[in-house]
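As structure tokens, the structure follows; a few thoughts come after it.
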DNA sequence: GTCTCCGAACAATATTTATTGATGCGTCGG
DNA sequence: CCGACGCATCAATAAATATTGTTCGGAGAC
């Protein structure tokens, strides 16, 4: 369900899109220091709960964060593996060390 | 003008946003093999010229591609340095190897 | 059970972003 | 000079995303 419907390109779009939002980058910055519950994120980021819930879902769907239920709280933490994946995607974009190609129209 | 108004976070948003679009990723994939003029991109991607021009501008503003005027043609190529920058941004997001923090609310 | 709290999900709206077609500017060929 | 070409830019529209307030379900406290 997570895979198979995802081409490499679609996966890249999903990941980069998830990373291209200020609120979500702030969440990531907070989670670098360790697991946090939603309530603490709303306090720290001074954001409405429904808004954070939305952004956390984007991050979770992209595989950037994981959640863990604990009683009535939900704790989120970064998934370290996803960053390797992003790095691989970036590497796959780097220019090939190829001799200057023919000018296409000169 | 390009800098100084950009915080680290704003820069990350700009870069990841530029990378989170299918057309733009296709452009990047084509440019990996070397410089291309707009006319060739429109042919290969079968996209309207004004549309490509728009996306090329997004990529250029983000510093992902460079353009070079040559008579009436404009050639675009990847800027290799930007990928190092993206990698640095990713590294700066990785979880800190820190002991499990206190549960915030348990 | 009932009440309260935490958080997800929904619906309506606001805001951004992308697409399309038209226009304009510079360059080359005649 | 004139016409064709290559590309950027603009204006209008379409489409995708985000925000807000509300509702709903699960989990503890009593």
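Every read-out reported here was derived from the displayed coordinates using simple, explicitly stated rules and does not represent laboratory data. All figures in this text were calculated on a predicted structure; none of them were measured in a lab. With ideal geometry, Cβ positions are generated from the backbone for all residues, glycine too; neighbour counts draw on all protein chains shown.
Under 20 Å from a point 7 Å along the Cα-to-Cβ line of residue A:73: which residues of the stretch A:12-50 have their amide N that close? It comes to A:27-50, nothing else.
Per-residue mean of foreign Cβ neighbours for A:27-33 is 3 (Cβ atoms of other chains, 10 Å radius). Copy-to-copy label distances for residue A:92, where each label lies 7 Å from Cα along Cα-to-Cβ, are 2.6 nm in order of increasing length. So what does the Cα-only Debye profile of the protein assembly as shown read at q = 0.16 Å⁻¹, as log10 I(q)/I(0), no solvent term? At q = 0.16 Å⁻¹ the computed log10 ratios are -1.06. For chain B, the longest principal axis of the Cα atoms and the long axis of helix B:81-91 meet at an angle of about 20 degrees.
Counting pairs of alpha carbon atoms under 8 Å apart in space and at least six apart in sequence, what relative contact order in percent does the stretch B:8-86 give?
32
Remark: C-alpha extents of chain B on the principal axes read 64, 29, 23 Å, sorted largest to smallest. In this assembly of identical copies, the label point of residue B:53 (Cα plus 7 Å along Cα-to-Cβ) is separated from its counterparts by 4.6 nm, sorted shortest first. For residue B:67, the label point sits 7 Å beyond Cα toward Cβ; its separations from the matching points on the remaining copies run 4.4 nm, from shortest to longest.
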